[in-house]
Amino acid sequence: MLETVQNTQAAGEASAPAGIPAAARTIGVAAIARRAFEHSDLRAESDQVLARLEACERDAGALMDLASILYSRGQAADGDQVQRDALAIRRSFATVHGDGTGPRILAFMAPGGFMANTPVDFLLSGSDAVLWQVYLDAADTELPALPAHDAALLAVGEATGHRPLLARFETLARAYPDRILNGRPERIAALTRDGVAAMFADIEGVLCPSTVRAERPALARVAHGAPLSDLGAGLRWPLVLRPAGGHAGAGMRRLSGPGALADALAECPDQAFFAAPFIDYRDRNGLFTKSRVVLVDGRPYPVHLAQSEDWIVHYLSSGMLTHAGRRAVEAAWFEDFDTGFARRHAGALAAMQERIGLDYWGIDCAELADGRLLVFEADTAMIVHDMDDRELFSYKCRPMARLFAAFQALAVADSSQASGGGA
């Protein structure tokens, strides 16, 4: 097995595009995530990575792939440590799509797991692009040496821990000679939950519930009898509370009153939270329906729609796999998206695009009975993929390919080759 893996790796390196050092080459996040999504144990990928590390324990590309394998298994702390080990050796890594003869896309990245950055590797699905991922640090005083590339993107997503890096990028980018997609770090940093709520508050046809960032002591006072309005305007019971650093609904609770808030604080050790009024968005069938939409160069594209009995709607746990009726609803949404959803909310989407001002971003949202668009969040790092079963979800194949093609076209539009140093 080891000899086979080594021979396969050697053949892959021999056919790799010129200019990619062996230690920079990675299997890539998208390929590893796809195998994990298919319920693979990732044994082949693990064997390949371990063979590389046996040959050279300082093979940074292999360490990055090992970190991705650990992230895909839910071992975030271990993944973070292995990624740090890789970044101590080198800062740039290449993933080859197809035959690698397409454009070379450079993504400026922040360290972290799958949700830390714009999912560029997924968005290049079906292409022949080479993705260079260059990891930055808030302590950088200048950009590291960059590999030759045709287009660049600021992929760092909004997060509390990313604020210093996004602020630093404003200075770093001044030395970059060409256009950077999403190259407005201050606009990415503004996509906090409370920031988005304030940004969208007065857009006609949009309901983005008033959201307040609250520290534990202030919440504790409300739990012990202080008025909810002390936290900020627009709040009411029931209240949705989530840890400020949470994603994908982690730690989110719907609270009926002060007693429930006291219980939540006792169970959660976090010091900062976001609070917003709960909006009941059930449809006439009693289901909660949530959609993900991304905008590429201002044009909306569908990503997914999920229905669930639970108000916290996660695609993977919502029953889409087992409920043919729910898949039929999603299929119809995809089919009629341009003449349906996108047309109904054209004005709202255009207004949000104007205020966000980025080349690529997305929203999680729901359509309310009164015609308004209920917006839960806006972000540049939402997971977008085409990993669903191609038979069961055949209706997704064409729309996702169209989305990816739009992103890839955006990435190379009007770009000139940027000169990079050594990789």
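What follows draws every value from the coordinates through simple rules; no lab data is involved. What you see is a predicted model; the values in this text were computed from it and never measured. Backbone-built Cβ (ideal geometry, glycine too); neighbour counts: all protein chains shown.
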**Request:** Sort out for me the Cα centre separation of the range 116-178 from the range 355-410, rounded to whole Å.
**Result:** 22
**Complete:** Given backbone amide H placed at 1.01 Å from N, residues whose amide H is under 5 Å from that of LEU106, ignoring those fewer than 5 places away on the same chain, are TRP132, ASP150, ALA151, ALA152, LEU153
**Computed helical MRE - 222 nm, the chain, DSSP H runs ≥ 4 contributing -39500 (n - 2.57), nearest 500** = -10000 deg cm²/dmol
**Asked** Using a Förster distance of 22 Å, how high is the FRET efficiency between ALA369 and LEU316, based on the Cβ-Cβ distance and rounded to 0.05?
**Response** 0.25
**Item:** From the C-alpha gyration tensor of the range 2-183, square roots of 5λ in Å
**Value:** 26, 19, 15
**Estimated dipole of the chain in Debye, rounded to 20 [Cβ of Lys and Arg +1, of Asp and Glu -1, Cα centre]** = 700
**Prompt:** Among the DSSP beta bridges whose two residues both lie in the chain, what percent are antiparallel, rounded to the nearest 5?
**Reply:** 75
**Asked** In whole Å, what are the Cα extents of the range 138-239 along the three principal axes, biggest one first?
**Response** 59, 35, 17
**Message:** Quick check: residue separation of GLN353 and ALA148 times 0.36 nm, minus the Cα distance between them. What number comes out in nm?
**Reply:** 70.7 nm
**Request:** Estimate the FRET efficiency between SER256 and GLN75 by the formula 1/(1 + (r/R0)^6), using the beta-carbon distance for r and 56 Å for R0, to the nearest 0.05.
**Result:** 0.95
**Complete:** Per GNM of the chain with C-alpha springs under 10 angstrom, the most fluctuating residue out of VAL212, VAL222, VAL134 is VAL222
**Message:** Using only Cα atoms and rounding to the nearest 10 degrees, what angle (0 to 90) does helix 2-14 make with the longest principal axis of the chain?
**Reply:** 90
**Prompt:** Can you list, largest first and rounded to whole Å, the semi-axes you get for the chain by taking the square root of 5 times each eigenvalue of its Cα gyration tensor?
**Reply:** 37, 24, 23
**Message:** So if each residue of separation counts as 0.36 nm, and I subtract the Cα-Cα distance between SER210 and ARG174, what length gain in nm does that give?
**Reply:** 9.4 nm
**Message:** Please report the antiparallel percentage of DSSP beta bridges with both residues in the range 210-277, rounded to the nearest 5.
**Reply:** 100
**Request:** Quick one: angle between helix 60-72 and the longest Cα principal axis of the chain, in degrees between 0 and 90, rounded to 10, please.
**Result:** 30
**Fill in**
Rounded to the nearest 5, the percent of DSSP beta bridges in the range 2-183 running antiparallel is 30
